1. Exactly one condition in (1) modelled with pLDDT under 90; (2) surrounded by 10 or more Cβ atoms within 10 Å (Cβ to Cβ) is false for SER18; which is it?
2. With ARG49, ARG61, ARG26 as the choices, which residue is closer than 22 Å to ALA110 by Cβ, at pLDDT below 90 and basic (Lys, Arg)?
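The values are calculated or read from the model by the stated rules, or taken from the named source; none is laboratory data. Please read all numbers here as calculations on a predicted model, not as lab measurements. We place every Cβ from the backbone using ideal geometry, glycine too, and count neighbours over all the protein chains shown.
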Amino acid sequence: MKENSSSSNVGSRSRLSSCSPSHHFRRIDSHSDSNSSSSGTDCRLASRRSAALKAMIKTFRPVLPISYVQSELAFEAAEECQLFLAALSLVYTGTDATKIDCRQSLAVLANF
């Protein structure tokens with residue numbers, strides 16, 4: 001009987017993994033309540049972005065382009081994305097900081 005329950009869990013996991021975390025973020029963000037307070041919305045938005053970024057860092061290896069993060073997390077400007085990422089102490093490849101080093105950044109995921 002235990003085998004049946006575990007096999008049903010595997011099926012539900014595969015259905016859940018078919019939806020990209022970043023696309024789930026966009027769907028939630030696009031349906032957010034426009035009547036809610038702006039500070040509450042900002043906190044929820046930052047929390048959702050952090051969760052989606054964690055999923056991207058765990059998924060992408062060895063590097064994650066900042067341009068992809070900006071588009072998937074629905075930042076309007078590159079500067080806004082850079083400010084969000086600067087607060088997270090991520091590790092970047094090279095000196096231009098255009099790509100996140102996913103392997104090195106795994107260590108800081110617990111901090112956000």
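1. (2)
2. Checking each option against the conditions leaves just ARG61.
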